[in-house]
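Report on the following structure.
The values are calculated or read from the model by the stated rules, or taken from the named source; none is laboratory data. All figures in this text were calculated on a predicted structure; none of them were measured in a lab. Here the Cβ is made from the backbone with ideal geometry for all residues, glycine too, and neighbour counts use every protein chain on show. In case anyone asks, the SASA skips ligands and DNA or RNA and just uses the protein heavy atoms, side chains included. Shrake-Rupley method; radii C 1.70, N 1.55, O 1.52, S 1.80 Å.
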Amino acid sequence: MTDKAERHRTRGDMAEPAFSASGSRLFTSWLTGAQASLAFTTYQAGKVFFIGMQPDGRLSIFERTFARSMGLATQDKRLWMATLNQLWRFEDFLEDGQQHNGFDAVYVPLESRTTGDVDVHDIGVQADGQPIFVTTLFNCLAVPGETHSFRPVWKPPFIDRLVAEDRCHLNGLAMEDGKAKYVSMVSTTNISEGWREHRESGGVIMDVESNEIVATGLSMPHSPRVHNGVLWLLNAGTGEFGKVDSNSGKFEPVAFCPGFLRGLTFIGDHAIVGLSKPRENKTFQGLALNARLEKEGVSPQCGLKVIDLKTGAVAHSFTIEGVVEELYDVVALPGLIRPMALGFKTEEIRHYLKPAEVDL
């Protein structure tokens, strides 16, 4: 059996699922044993979801609406999220051991930095607690600007100037020791939209500190992450999760997942990978992923796969059907069993208050 949750919408006189999600048979027990929860974004549906456990052992699925929800990053009780034209900072208002209506974390959007629609993708958290993010439209890494939309801090050496042209589709960011370490991009082109002609094998991973390319021949790579000293990534155009050999720079596939891969996080010896259904447009046409799906006789899926790093086996899954078809990012929330967040479509944000404790 699976643990399933649905919301319905009515079209005419017929009710059909607007959102349906189910975990594989042991997904809930794994999440319980891990003493953690997950958050993921869907830019296509404009939502951020929090996946945890209810007291009765069933899945808790909580959502909030934010236009074009993209990259996520966490540090302690803080959550960062990129949206259509803003960078949001959420803080968990609950103290350890506290609960609010059965939830053990309440993420409150305390600050929004307006970036404009610069197509922010991945976010990292630096050693000083401040965010650094991929500004895909301008082909650079940036931090929030005090008097500007953003402040660029790095660009690939082949990009000759900062201009609002998505030239190489810089998208992913891997942090190490509080610093930006690696980035992923679909190509090394220096012309507007030039990356679209190199989707099949033009992708690279670049070392931010040295400006050296550490892996080549990738197909639309996304979500580079450093975990236990290993550089992992999603070769989205082939549907493969894998790692980069530190000596040869060769990408080593570990597991195939039936979907376009974006979003990667880790809990112990398991990787959690986000899957999307490829859109019917030129961006996704002609990729090896499509041929692999046909060969395996499976349809593309939307959801999460939990992969055992020791064996490469897909240990658990969380499948999404209905209105949500594309995900972008996923993060682990260790130590939290049932998180939630406040949004702006209900009255709760007006009354959920936490003044600072100070001596006056």
Scanning segment 168-188 residue by residue, the ones that are in a loop (DSSP other than H, G, I, E, B), closer than 20 Å to His198 by Cβ and not hydroxyl-bearing (Ser, Thr, Tyr) total 3
All-but-one check, Lys345 against (1) charged (D, E, K, R); (2) farther than 15 Å from Trp30 by Cβ; (3) outside any loop (DSSP other than H, G, I, E, B), failing number (3)
Flagged in segment 326-360 as touching a His at 6+ places or on another chain (Cβ under 9 Å) and open to solvent by 40 Å² or more (accessible area, probe 1.4 Å), in numbering order, are Tyr352
Ala82: passes all of (1) under 20 Å from the mean Cα position of the chain (by Cα); (2) of a type in the set (Gly, Ala, Ser); (3) over 19 Å from Met340 (Cα atoms) but (3)
- prompt: Being open to solvent by 60 Å² or more (accessible area, probe 1.4 Å) and within 21 Å of Val134 (Cβ to Cβ), is that true of even one residue in segment 45-64?
  reply: no
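Having 1 or more residues that are of a type outside the set (A, V, I, L, M) and open to solvent by less than 10 Å² (accessible area, probe 1.4 Å) is the bar; report the strands (runs of 3 or more DSSP E) wholly within segment 105-160 that clear it. So that I can check it myself, show each step before the final result.
Working: elements: 105-114, 120-125, 131-135, 140-143, 151-154.
In segment 105-160, 105-114, 120-125, 131-135, 140-143 are the strands (runs of 3 or more DSSP E) which contain 1 or more residues that are of a type outside the set (A, V, I, L, M) and open to solvent by less than 10 Å² (accessible area, probe 1.4 Å).
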Of the candidates Ala82, Ala105, Ala73, the one satisfying the condition of being among the small types (Gly, Ala, Ser) and under 24 Å from Pro278 (Cα atoms) is Ala82
Checked against (1) surrounded by fewer than 19 Cβ atoms within 10 Å (Cβ to Cβ); (2) at pLDDT 95 or above; (3) within 25 Å of Phe49 (Cα to Cα), Asn228 satisfies every condition except (3)
Selection from segment 231-254 of residues in contact with a Lys or Arg (Cβ under 7 Å, 6 or more places away or on another chain), among the charged types (D, E, K, R) and buried (at least 16 other Cβ atoms within 10 Å of the Cβ) yields none
The lone condition Arg89 fails out of (1) free of Cβ contacts under 8 Å to residues at least 60 places away in the same chain; (2) under 16 Å from Met340 (Cβ atoms) is (2)
- For segment 270-279, indicate whether the set of residues that are among the β-branched types (Val, Ile, Thr) and surrounded by fewer than 20 Cβ atoms within 10 Å (Cβ to Cβ) is non-empty. no
Result of the Cβ filter at 8 Å on segment 318-337, keeping first residues that are at positive phi and partners that are not in a strand (DSSP E or B), at least 6 apart or interchain, is Gly335/Gln35
Within segment 206-224, residues out of contact with any Asp or Glu (no Cβ under 9 Å at 6 or more places or on another chain) and buried (at least 24 other Cβ atoms within 10 Å of the Cβ) come out as Leu218, Pro221
Log entry, pairs with first residue in segment 295-314 being crowded, with 22+ Cβ neighbours inside 10 Å, second being assigned to a helix (DSSP H, G or I) and of a type in the set (Phe, Trp, Tyr), beta carbons closer than 8 Å, six or more apart or on different chains, reads Val306/Phe27; Val306/Trp30
